[in-house]
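Before any comments, here is the structure.
The values are calculated or read from the model by the stated rules, or taken from the named source; none is laboratory data. Just so we're clear, the structure is a prediction, and the values are computed from it rather than from any experiment. Glycine also receives a Cβ, built like all others from the backbone with ideal geometry; neighbour counts cover every protein chain displayed.
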Amino acid sequence: MNQTLAINMAMTLDGKVARPDGKWYGMSSKDDKIQMDVYRSESDALIVGKNSIINDDPVIKIRYVENAINPRPIILIRRGSLPRDKKIFEESDHIPLVICCKSNKKEVMKELENLADIHALDSDDIDPKKVLGILSRQGYERILLEGGPKLNYSFLKQGLVNRIHITLTPFIIGQRDLPSIADGELSMPDFETSNWSLMNSKSVGNEIFLTYEIH
């Protein structure tokens, strides 16, 4: 299977992807939400992390593309579980697939058994390659990652990301400890030689939409 994985994030002019309070709300416009729905409509699976759901409780149903088929939500839970009242369980056209670890399987099963299909990895951490392997075996080829910076980093570090969608938003925050698109302890070993090519760019209002692919 020829599987593709794309990241989608909004970023300020100074490279921040979160507000000073750690939230993502208000960072982009309706135009960005429309473009995000276009990316979602081109995907059959949508990966989100536990922290993104807890912090922002995102709406994952496509609203701005007519007759679009919503991608299946894939929720990664490394520790603990999730509350049952999140939008991702209430508004999806599909039963979400939850991927957790062996250490929190019982907790996830107890909380979410009737709301999601649950797959526990045989490890105590979320391995991005195993996640994509599970999705491949279930027939998902076009995957969109809307996780946070740490989740993005884990997939990028293993060379699993093919495409990056960036919305450049007209704000400057300045605070030095706010996250960027990919946040990890170490630099990417091949960051100077990896060949990311700009495939598309367009401006709408005060925002610029960029798409990069790696070859």
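Among all residues of the stretch 123-137, there is none that is touching an Asp or Glu at 6+ places or on another chain (Cβ under 9 Å) and assigned to a loop (DSSP other than H, G, I, E, B). So if I check each of 192, 111, which one is over 27 Å from residue 34 (Cβ atoms), touching a residue at least 12 places away in the same chain (Cβ under 8 Å) and over 15 Å from the mean Cα position of the chain (by Cα)? Matching residue, one of 192, 111: 111. Evaluate the following for residue 21: is it more than 14 Å from the chain's Cα centre (by Cα), surrounded by fewer than 22 Cβ atoms within 10 Å (Cβ to Cβ), part of a loop (DSSP other than H, G, I, E, B) and not aliphatic (A, V, I, L, M)? For residue 21, the condition - more than 14 Å from the chain's Cα centre (by Cα), surrounded by fewer than 22 Cβ atoms within 10 Å (Cβ to Cβ), part of a loop (DSSP other than H, G, I, E, B) and not aliphatic (A, V, I, L, M) - is met. For beta carbons closer than 8 Å, sequence separation of 6+ or different chains, a first residue in the stretch 30-47 that is over 17 Å from residue 169 (Cβ atoms) and in a loop (DSSP other than H, G, I, E, B) and a second that is modelled with pLDDT under 95 and among the hydrophobic types (A, V, I, L, M, F, W, C), the qualifying pairs are 44/69. Regarding residue 174, is this residue within 23 Å of residue 18 (Cα to Cα) and of a type outside the set (Val, Ile, Thr)? Yes: the conditions hold for residue 174.
Looking for whichever is crowded, with 22+ Cβ neighbours inside 10 Å, of a type in the set (S, T, N, Q) and either within 30 Å of residue 207 (Cα to Cα) or at pLDDT below 95 (or both) here; the options are 29, 43, 52. Which one fits? Full working, then the answer.
On the way: 29 fails: crowded, with 22+ Cβ neighbours inside 10 Å; 52 fails: crowded, with 22+ Cβ neighbours inside 10 Å.
Just one listed residue meets the conditions, 43.
Matching residues to (1) acidic (Asp, Glu); (2) over 17 Å from the mean Cα position of the chain (by Cα); (3) modelled with pLDDT of 95 or more; (4) farther than 19 Å from residue 151 by Cα:
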residue	(1), (2), (3), (4)
13	no, yes, yes, yes
38	no, no, yes, yes
56	yes, no, no, no
75	no, no, yes, no
85	yes, yes, no, yes
93	yes, yes, no, yes
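When the stretch 162-215 is filtered for residues that are assigned to a loop (DSSP other than H, G, I, E, B) and among the aromatic types (Phe, Trp, Tyr), the ones remaining, listed by number, are 171, 191.
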